[in-house]
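The values are calculated or read from the model by the stated rules, or taken from the named source; none is laboratory data. All values derive from a computational prediction rather than experimental measurement. Backbone-built Cβ (ideal geometry, glycine too); neighbour counts: all protein chains shown.
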Amino acid sequence: MTKLTDIARRLIGVTAVVTFAQSPLHAADDYPARPVRMIVAFAPGGSADINARIVGQKLGTELGGSIVIENKGGAGGNLGAVEAKKSAPDGYSIFYATSAVALAPSVYANPGFQAKDFEPISLTATIPLVLVVSKSVPTTNPAELVAWLKEQDGKVNYASSGRGALLHLAGALFLKETGTKAAHVAYRGSAPAITDMLGGSVQFMFLPINEISSHLESGALKAVAVTHAQRIPQLPNVPTMREAFGLQTMDIGAWQGLLVPADTPKDVTRKLSGALERTLQSPDVKKRLVELGSIVLGGTDKDYADYMQAEATRWAKIVQETGAKAE
């Protein structure tokens with residue numbers, strides 16, 4: 001009896017070890033077993049938050065679970081990125097990242113994270129920017145606008161959602177390329193900048209189409225050009241920056257994608273990748289994103305990694321040439 005008991009104990013011990021050893025190999029079998037947190041590094045209502053909620057809702061369904069959006073704004077998106085970096089690499093904290101992750105190394109001395117801190121899943125969408133002017137600006141004709149800016153010689157203001165943000169860099173690049181001057185006014189987010197544009201205290205800025213469509217429709221703000229290589233369906237009569245100003249350097253999008261903390265198990269990232277691919281192929285998700293001005297992307301993890309590297313290199317050069325840093 002004692003011998004049988006000893007054997008049983010040894011078998012139980014062996015089984016426990018095998019079960020423990022095998023469990024990581026099947027980490028994705030039950031994933032997600034609880035709600036997944038999607039970190040958005042900007043405030044509710046902005047372009048990233050709007051798209052994250054559309055994508056997150058469907059992604060949760062495709063995973064067989066639910067996604068909870070957590071807004072962690074501040075420092076041009078750095079606070080959210082750092083929060084994602086510090087999260088456990090188990091698939092229960094995912095990061096709805098934006099172009100800010102590629103800009104940060106160039107515009108901040110110490111953003112608190114590096115590209116190697118994350119593993120890419122896939123790009124999701126990009127949102128073209130629109131060069132908009134307030135009603136106080138006398139023209140939307142590109143040539144006349146440049147002439148007016150030169151005449152003002154730095155006496156007008158352009159707004160952005162914050163120093164070092166994509167909207168700041170877009171404005172600085174525009175001034176450099178057109179040989180014009182304007183004072184930069186940095187706001188804490190797009191919403192207060194738009195409010196002052198409507199009031200006329202700032203004269204122009206670049207904004208994602210999905211943040212200003214209602215103001216363009218009402219005529220409260222005026223569109224000059226879009227930062228996409230082709231005209232966009234939402235503004236078919238508005239020229240591209242290439243058409244309007246002859247600028248090949250102003251193809252700019254507020255791109256977005258899904259990242260996870262480095263060392264997240266491969267079976268979990270594969271499950272996320274498959275679910276995200278199905279999400280972006282969903283007719284309903286596509287329709288909602290496109291209606292709001294987004295261009296749906298998708299692609300592989302390598303596509304995303306290569307794109308981030310190319311964008312980081314591009315904007316590092318622009319920051320160096322324009323001096324448009326956050327600090």
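For the range 28-82, name all the residues that are part of a loop (DSSP other than H, G, I, E, B), modelled with pLDDT of 95 or more and either of a type outside the set (A, V, I, L, M, F, W, C) or in contact with a Pro (Cβ under 8 Å, 6 or more places away or on another chain) (or both).
Correct list: Tyr31, Pro32, Arg34, Pro35, Gly64, Gly65, Ser66.
Could you list, in sequence order, the residues of the range 89-118 that are of a type outside the set (A, V, I, L, M, F, W, C), surrounded by 21 or more Cβ atoms within 10 Å (Cβ to Cβ) and touching an Asp or Glu at 6+ places or on another chain (Cβ under 8 Å)?
Scanning the range 89-118 gives a single hit, Ser99.
Do you know which residues across the range 286-311 are within 18 Å of Ala97 (Cα to Cα), assigned to a helix (DSSP H, G or I) and within 17 Å of the chain's Cα centre (by Cα)?
Leu289, Asp301, Asp303, Tyr304, Ala305, Asp306, Tyr307, Met308, Gln309, Ala310, Glu311
Taking strands (runs of 3 or more DSSP E) that fall entirely within the range 104-204, which contain at least 3 residues that are closer than 30 Å to Gly274 by Cβ?
The qualifying strands (runs of 3 or more DSSP E) are 118-126.
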